[in-house]
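What follows is a set of notes on a single structure, which appears directly below.
The values are calculated or read from the model by the stated rules, or taken from the named source; none is laboratory data. Note that this is a predicted model, so its numbers are computed, not measured. Here Cβ is always computed from backbone atoms with ideal geometry, including for glycine, and neighbour counts include all displayed protein chains.
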Amino acid sequence: MAVHETIVLLAILAGVVGILALLVRLRGELRDGDDIDTDRLSAAIGETWRTMGLERTVGQLETHANEMRQFHGDITQLLRTPQQRGEFGEQQLDVLLSDHLPPAMYGIREQVVGGKTPDAHIDSAAGSICIDSKFPLDNYERYLEADSDAERAQYARAFGTDVERQLDTIADNYVRPTEGTTDFAFAFIPSESVYYHLVREEYDLLREYTKRGVQVVSPLTLGHKLELVKADVQAQKLSEQAEEILDQLERLGATFEDVEDEWETLYRHIRNAKNKADDVEGKYDRLRAEFDRIDQPSMEE
């Protein structure tokens, strides 16, 4: 169901709620057997309508519905030409990437591999993830506007062929692990309705190209994948930091062992010196005692 149709239904629901509230109020005022005064009833309805602010609410909902119809018409018109579709897709990509990733992790319209320039790319732990947002929608529009089942089937097949051709191009240009890309690339569809049409009607085709490394994504599903890519990069950085700390600990351990060896050698020398000093001191004490004995003869002598 379209968004503006939903808003109109909400307006109708608000009116129904107002009428129910009015009936509850009248039930309290009218007694069994009383005649209904139409003027009184009209006044009560008007008062209830004003008290609940339903007139203003319905007016606001109608304004929003008109704005949504205008927005929907603008988007539909925007997606009709390939150039405008490409620009619209690139803008959506830029917004999604800036919302989910730091600026250093991605680039827009930059040459990445083999002279090819994807609409965007992500610098991941496993290599560059290329993103292509160019998608053929002419036959999809004809499919939606077809008057008969036969025409719809014809344009659905033609749209499937267009999709297959585009996915082939993405696989050839942007899935090149030996040249620095990851083993997959993203085919970005800037429309949830088109994406779910493909999931529903071309599931086997999407699964075949997933095996070749091309993942078809919508704005919603790409957002989830970007979070996974960011988490993987952060985990890789933490792993690198852990390895660097381990290397530093190993170097510190080796240095400590060297210091320990030098300290043992020094301690051995100090111990030997102390033993030598004790020996010399003992000899000195004995020599001094002998000298004192000779220098100071006893009284008997």
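Values computed for the structure shown
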{"read-out": "Matching option when the condition is touching a residue at least 60 places away in the same chain (Cβ under 8 Å) and farther than 19 Å from GLY223 by Cα, among TYR174, TYR140", "value": "TYR174"}
{"read-out": "Yes/no for PHE135 being over 21 Å from LEU222 (Cα atoms) and either among the hydrophobic types (A, V, I, L, M, F, W, C) or surrounded by 19 or more Cβ atoms within 10 Å (Cβ to Cβ) (or both)", "value": "no"}
{"read-out": "Only one of VAL233, VAL199 that is in the same structural domain as ARG176 (by TED's automatic domain parsing) and in contact with a Ser or Thr (Cβ under 8 Å, 6 or more places away or on another chain)", "value": "VAL233"}
{"read-out": "The stretch 112-140, residues that are closer than 10 Å to ASN173 by Cα, at pLDDT 90 or above and out of contact with any Asp or Glu (no Cβ under 8 Å at 6 or more places or on another chain)", "value": "CYS130"}
{"read-out": "Yes/no for ARG157 being part of a helix (DSSP H, G or I), in the same structural domain as LEU222 (by TED's automatic domain parsing) and more than 23 Å from LYS225 (Cβ to Cβ)", "value": "yes"}
{"read-out": "Filter pass, GLU202 being free of Cβ contacts under 8 Å to residues at least 12 places away in the same chain and over 22 Å from the mean Cα position of the chain (by Cα)", "value": "no"}
{"read-out": "Residues located in the stretch 171-227, provided they are surrounded by 13 or more Cβ atoms within 10 Å (Cβ to Cβ) and basic (Lys, Arg)", "value": "ARG176, ARG212, LYS225"}
{"read-out": "Set LYS225, LYS276: member being under 23 Å from the mean Cα position of the chain (by Cα), at pLDDT 75 or above and of a type in the set (D, E, K, R)", "value": "LYS225"}
{"read-out": "Odd one out for ILE129, checked against (1) surrounded by fewer than 15 Cβ atoms within 10 Å (Cβ to Cβ); (2) at negative phi", "value": "(1)"}
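Listed here are the residues, each with its yes/no results for (1) touching a Lys or Arg at 6+ places or on another chain (Cβ under 7 Å); (2) more than 19 Å from PRO103 (Cα to Cα); (3) acidic (Asp, Glu); (4) not in a helix (DSSP H, G or I).
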residue: ASN173; (1), (2), (3), (4): yes, yes, no, no
residue: PRO190; (1), (2), (3), (4): no, yes, no, yes
residue: THR210; (1), (2), (3), (4): no, yes, no, no
residue: LEU222; (1), (2), (3), (4): no, no, no, no
residue: LYS225; (1), (2), (3), (4): no, no, no, no
